[in-house]
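Quick note: the coordinates plus some simple rules give every number you see, no bench work behind them. Here the structure is a predicted model, which means the values were calculated and not measured.
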Amino acid sequence: MQLTLHADYALRVLLYLGTQATGHIATTKQISSSYGISNDHLVRVVRTLKDKGYVEVTAGRAGGISLAREPNRIRLGDVVQQVETNLQIVECFDPKTNTCPIVAACQLKPILAEALNVFLEALNKYTLADLLDDRRRTRLARIFAATGA
């Protein structure tokens with residue numbers, strides 16, 4: 001299983017914002033520069049994070065992005081589940097597009113569903129705050145500063 005870039009970038013945006021001082025507003029340009037990723041793609045990711053209530057977006061010249069929740073209230077599994085566009089890891093997970101002829105007798109689907117649930121449960125044991133203890137936050141902030149963002 002591989003997360004889409006959308007989910008990957010969503011987690012990266014949250015990490016970046018989590019390293020910033022309280023009240024700091026970042027721009028998508030700063031974040032995309034820090035990671036070396038497309039600003040256009042990042043704008044779509046930020047829109048998703050805003051729609052899901054993870055970030056606040058302030059318009060205007062002095063506007064930007066900031067966390068909408070405290071890092072200890074952002075569970076990683078919830079983020080992945082809400083921003084990942086397709087968690088149907090095999091065709092038979094979607095009854096509308098399933099063409100597998102053995103679906104009625106196959107026991108693979110429930111096992112894969114269990115594995116997906118365990119994956120999300122494991123991620124939900126951690127919050128953004130767990131990724132940002134003082135030592136890690138300082139180290140990440142230095143890396144971001146070195147990129148000039």
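Annotations for the structure displayed:
- Overall Cα dimensions of the chain, principal axis frame, Å, largest first: 57, 30, 25
- Build a GNM of the chain with springs between Cα atoms under 10 Å apart, and of ALA105, ALA59, ALA68 the one that fluctuates most is ALA105.
- Global form of segment 9-63, assessed from the alpha-carbon gyration tensor, a/c cut-off 1.5: rounded
- Lysines whose Cα lies under 29 Å from that of LYS125, excluding same-chain neighbours fewer than 8 positions away: LYS50, LYS52, LYS109
- Its relative contact order, with pairs defined as Cα atoms under 8 Å and 6+ residues apart, puts the chain at 32 percent.
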